[in-house]
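In what follows, a single structure is set out as structure tokens and then discussed.
Quick note: the coordinates plus some simple rules give every number you see, no bench work behind them. All values reported here derive from a predicted model rather than from experimental measurement.
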Amino acid sequence: MAYVGVALMVGLAGIASAVGTSICGQAAVGAMKKNGGAFGSYMILSALPGSQGLYGFVCFFMVQGMLASPTMVQGAAILGAGILVGIVNLAAAIYQGKVCANGIVAVGNGHDVMGKTLILAAFPELYAILTVAATFLISSIVK
């Protein structure tokens, strides 16, 4: 049970980051056709959805100590945390990727929206960060 939780935690969060950064990368390639000079902005916005994969990995380190021989309660807690981290980070990375991709298109078209896009992209990130906090609380309770 615990190992399934860890697989969901790290696996779904990693897949999420790959999808989110790919959405941005596709938008960046298209935007470079119009405005190749803004590559730095495209790269920054494209990297943002990559953080969710890191959050999954951080959560793994929080529960790693319980994996040697988990009790039933610990296994259930890790499974629950894995489902939480995996699903929330999956949604957060994909939707953050969509926000950033729209920002990339706008910057490519010459609009000055980089700062505002970064602010809007922070909203899905908040929920991903909350999964790290929740995993910390869960792992603290069941140790």
Report summary line: Restricting to lysines and to Cα separations under 29 Å from residue 98, and discarding same-chain partners fewer than 8 apart, the set is 33, 34, 116
Query - Rg to Rh, two decimals, where the chain supplies the alpha carbon set and Rh follows Kirkwood - result: 1.12
Report summary line: TM-like helix rule applied to the chain (DSSP H, alpha carbon span at least 24 Å on the long axis, mean Kyte-Doolittle at least -1.0) gives 2-34, 72-108, 114-142
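Compute the length gained on full extension between residue 54 and residue 109: take 0.36 nm times their separation in residues and subtract their Cα-Cα distance, giving the result in nm to one decimal. Write out the running numbers ahead of the final one.
Values: separation 55, 0.36 × 55 = 19.80 nm, distance 3.12 nm.
Extra length available between residue 54 and residue 109 comes to 16.7 nm.
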